[in-house]
Amino acid sequence: MCSRIPTHKYTDVCSGDAERLAQALAEADAVLIGAGAGLSDSAGLTYSGERFHRLFGDFAAAYGITDMYSGGFYRFPTPEEHWAWWSRHVWYNRYEPGPMPLYRRLLALVQGRDYFVLTSNVDHQFQLAGFDKTRLFYMQGDYGLWQCATPCHESTYDNESVVRLMMEQQKNMRVPSDLVPRCPRCGRLMTMNLRCDDTFVQDEGWFAANERYRTFLKEHERCRLVCLELGVGYNTPGIIKFPFWQLTRKSSLVTYAAMNAATPCVPSEIADRSVWLKGDIAETLSLLGY
């Protein structure tokens, strides 16, 4: 569902749309990127289909799991099975891929510009591609972090070294019991630092990134700004999509631009300052010369 606000629809990507966005970028003082799951999907980090069955075929056969997203909510019988799943999920979506070409092309787009990235993705691909980490805000967490599942305190912990051991030592979809992570303070089980419910830990790093994002918005209130939305759907529109619409509504200096393969909708009141490029993000970037 889009919005109750009347919308203007774009039915295809054409050179005119790309030219409008290229002109807006050329004239912009700054670019605010909002990235959703569709961006990583376009980059090749797909959660279903051939990639899922290649990496998780044993879990699919044993538990009937059909894709990586739904597998993240599966209630495994034991912590050893739970962490066999999650270590594999984290490894192949956070550590193993390395910098994806699509993210490097996005880096080229903002190179030399004043920019900031707001993302609901948790795979860390922006930083791996070379984006300035002080210009990134991972609102929904990070596959590379653990937290107390309770949580008994507001801290997070890097997990790469233990995830690597879990990958090396897991057998029959189980990790050794001594690798199951436990909170260093209360001794209870750890969990992923992902925003799934009200137990999500917002640590010092989260609050610092949030403050840098708010500062960026404040500093560019009277600037020509392009809000570039990439692969954002309607599962959590209040994180990126609706705030971007509000920014565009508030200032005639803001251009809202979206790249998405889904059926587009834009509030009619900002349609004259909006560009929606419907199609694969990688192909659309090619139209812009990146």
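The values are calculated or read from the model by the stated rules, or taken from the named source; none is laboratory data. All values derive from a computational prediction rather than experimental measurement. So basically every Cβ, Gly included, is an ideal-geometry build from the backbone, and we count neighbours across all protein chains shown.
Among the candidates 188, 135, 195, 164, single out the residue that is over 25 Å from the mean Cα position of the chain (by Cα), surrounded by 13 or more Cβ atoms within 10 Å (Cβ to Cβ) and not aromatic (Phe, Trp, Tyr).
Working: 135 fails: over 25 Å from the mean Cα position of the chain (by Cα); 195 fails: over 25 Å from the mean Cα position of the chain (by Cα); 164 fails: over 25 Å from the mean Cα position of the chain (by Cα).
Result of the check over 188, 135, 195, 164: 188.
Name every residue in segment 271-290 that is among the aromatic types (Phe, Trp, Tyr) and out of contact with any Asp or Glu (no Cβ under 9 Å at 6 or more places or on another chain), in order of residue number.
Matches in segment 271-290: 290 only.
Would you check which residues across segment 270-286 are more than 21 Å from residue 220 (Cβ to Cβ) and of a type outside the set (Phe, Trp, Tyr) and list them?
Within segment 270-286, 271, 277, 278, 279, 280, 281, 282, 283, 284, 285, 286 meet the criteria.
So residue 69 clears everything in (1) on the phi > 0 side of the Ramachandran plot; (2) surrounded by fewer than 16 Cβ atoms within 10 Å (Cβ to Cβ) except one condition, right? Which one?
The number of the failed condition is (1).
Kindly indicate which of 84, 108, 60 is under 19 Å from residue 182 (Cα atoms), assigned to a helix (DSSP H, G or I) and of a type in the set (A, V, I, L, M).
Residue meeting the stated conditions: 84.
Of the residues 145, 165, which is of a type outside the set (Ser, Thr, Tyr), at pLDDT 95 or above and either in a loop (DSSP other than H, G, I, E, B) or out of contact with any strand residue (DSSP E or B) (no Cβ under 9 Å at 6 or more places or on another chain) (or both)?
After applying the criteria, what remains is 165.
Every residue in segment 222-246 that is touching a helix residue (DSSP H, G or I) at 6+ places or on another chain (Cβ under 9 Å), assigned to a loop (DSSP other than H, G, I, E, B) and within 23 Å of residue 109 (Cβ to Cβ), please.
Within segment 222-246, 224, 231, 232, 233 meet the criteria.
Collect the residues in segment 44-65 that are more than 19 Å from the chain's Cα centre (by Cα) and either basic (Lys, Arg) or at pLDDT below 95 (or both), keeping them in residue-number order. Let's see the steps before the verdict.
Step one: filter segment 44-65 for residues more than 19 Å from the chain's Cα centre (by Cα), giving 49-50, 53-65.
Answer for segment 44-65, where residues must be more than 19 Å from the chain's Cα centre (by Cα) and either basic (Lys, Arg) or at pLDDT below 95 (or both): just 54.
Is it true that some residue in segment 176-186 is in contact (Cβ under 8 Å) with a residue 60 or more places away in the chain and outside any loop (DSSP other than H, G, I, E, B)?
yes
Which residue, of 130, 38, is assigned by TED's automatic domain parsing to the domain that holds residue 245, part of a helix (DSSP H, G or I) and either surrounded by fewer than 17 Cβ atoms within 10 Å (Cβ to Cβ) or not aromatic (Phe, Trp, Tyr) (or both)?
Numbers: 130 fails: part of a helix (DSSP H, G or I).
Criteria check complete, one pass: 38.
Inside segment 249-260, can you point out the residues that are at pLDDT 95 or above, buried (at least 23 other Cβ atoms within 10 Å of the Cβ) and not hydrophobic (A, V, I, L, M, F, W, C)?
Within segment 249-260, 255, 256 qualify.
Filter segment 41-60 down to the residues that are surrounded by fewer than 19 Cβ atoms within 10 Å (Cβ to Cβ) and of a type in the set (A, V, I, L, M), then identify the one that is farthest from residue 217 (Cα to Cα).
My answer is 60.
Quick one: residue 174 ticks every box in (1) at pLDDT 95 or above; (2) of a type outside the set (Asp, Glu); (3) out of contact with any Asp or Glu (no Cβ under 6 Å at 6 or more places or on another chain) bar one, so which box is it?
Checking residue 174 against (1) at pLDDT 95 or above; (2) of a type outside the set (Asp, Glu); (3) out of contact with any Asp or Glu (no Cβ under 6 Å at 6 or more places or on another chain), the one that fails is (3).
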